[in-house]
Amino acid sequence: MQHLPGFAAIADQYDGFILDIWGVIHDGVTPYPGAIDALQRLRAAGKRVVLLSNAPRRAAATDLQMRGIGIPDGLHQGIMTSGEATWRLLSERSHPAVAGLGKAVWHLGPSRDRGLLEGLDLIEVARPAEASFMLNTGPDDHRDPTDIAPFEADLREARAAGVAMVCANPDLEVIRGGQRIICAGALAQRYRELGGHVVDVGKPDPLIYEPVLAMLDLPIGRILVVGDSLRTDMAGAAAIGADAAWVLGGIHADGGTPEAQAAEYGLGPAFRLDSFSW
């Protein structure tokens with residue numbers, strides 16, 4: 001795993017880049033130092049960039065959020081999110097993982113993610129036991145987002161009723177404004193422990209990379225995946241056979257040595273760098 005002093009050391013070796021958003025470009029509140037400059041330099045060099053996030057919201061909403069925290073338009077060729085992929089799966093109902101789900105849905109998540117319900121032929125219910133499936137987008141607005149315990153009763157109610165879970169964000173945790181909070185993936189992990197059935201939508205599943213690779217329209221050997229998570233970003237790169245650069249300043253910042261952490265996941269990214277900066 002080669003340590004890079006900055007992204008400039010590797011940029012010329014690839015024509016296209018799949019960039020994670022949260023943990024690479026911003027922390028949910030503020031862009032990371034140097035990230036906007038790096039995006040601008042890639043654009044000036046004629047490189048193709050697609051943003052791929054396990055955000056549980058539509059791609060357009062994610063683009064709007066980035067604008068709101070000061071990230072300019074025009075620095076990428078497109079965005080794909082786990083929320084967008086989830087919406088498409090629930091709209092089309094052709095994939096075996098969701099084809100048999102009913103229309104009654106219980107949403108576990110904050111109000112800002114309710115865009116995933118819009119335009120779908122669903123009936124929202126008030127309690128987990130009333131649903132044919134639950135849509136999990138993460139901790140809601142009314143309970144502690146740093147702990148799974150406040151959600152235990154709802155998860156147990158759903159499990160007792162045999163309700164399937166669709167998880168629109170497989171991430172376990174994220175750093176938001178310097179605070180570590182749980183994501184939908186942590187709730188899904190607990191639901192599996194209870195014996196519940198979970199359909200994960202997002203990285204590292206190769207399925208979510210298909211529209212991304214179509215947007216880039218490049219041979220896989222000319223593409224570099226950049227992300228901060230070993231479990232999703234680096235594993236996703238390995239799943240599609242692409243080279244990867246691991247940004248160390250994200251969720252693994254407080255772990256052991258990079259080599260030890262990567263070995264724990266059985267992964268060997270080609271590169272590592274302290275931040276996504278030129």
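The values are calculated or read from the model by the stated rules, or taken from the named source; none is laboratory data. Since we're looking at a predicted model, the values are computed, not measured. Note: ideal-geometry Cβ built from the backbone for every residue, glycine included; neighbour counts use all protein chains shown.
For this structure, a couple of remarks:
- Flag for T137 being under 13 Å from L108 (Cβ atoms) and among the polar types (S, T, N, Q): yes
- Hey, L42 buried (at least 20 other Cβ atoms within 10 Å of the Cβ) and in contact with a helix residue (DSSP H, G or I) (Cβ under 6 Å, 6 or more places away or on another chain) or not: no
- Restricting attention to region 98-123, the residues being surrounded by 15 or more Cβ atoms within 10 Å (Cβ to Cβ), without any contact (Cβ under 8 Å) to a residue 40 or more places away in the chain and touching a strand residue (DSSP E or B) at 6+ places or on another chain (Cβ under 6 Å) number 4.
- Sole exception among (1) surrounded by 14 or more Cβ atoms within 10 Å (Cβ to Cβ); (2) touching a helix residue (DSSP H, G or I) at 6+ places or on another chain (Cβ under 7 Å); (3) closer than 26 Å to A59 by Cβ; (4) of a type outside the set (D, E, K, R) for G241, by number: (1)
- Number of residues in region 144-160 that are under 12 Å from L194 (Cα atoms) and in contact (Cβ under 8 Å) with a residue 12 or more places away in the chain: the value is 8.
- The residue that is surrounded by the most Cβ atoms within 10 Å (Cβ to Cβ), among those in region 71-97 that are out of contact with any strand residue (DSSP E or B) (no Cβ under 6 Å at 6 or more places or on another chain), free of Cβ contacts under 8 Å to residues at least 60 places away in the same chain and of a type in the set (A, V, I, L, M, F, W, C), is W87.
- Restricting attention to region 127-186 and to residues that are surrounded by fewer than 21 Cβ atoms within 10 Å (Cβ to Cβ) and part of a strand (DSSP E or B), the residue that is modelled with the highest pLDDT turns out to be A164.
- Flag if R176 is touching a strand residue (DSSP E or B) at 6+ places or on another chain (Cβ under 7 Å), at negative phi and of a type in the set (K, R): no
- In region 8-114, counting only strands (runs of 3 or more DSSP E) that sit wholly within it, the ones holding 1 or more residues that are under 16 Å from the mean Cα position of the chain (by Cα) and modelled with pLDDT of 95 or more span 16-19, 48-53, 78-81.
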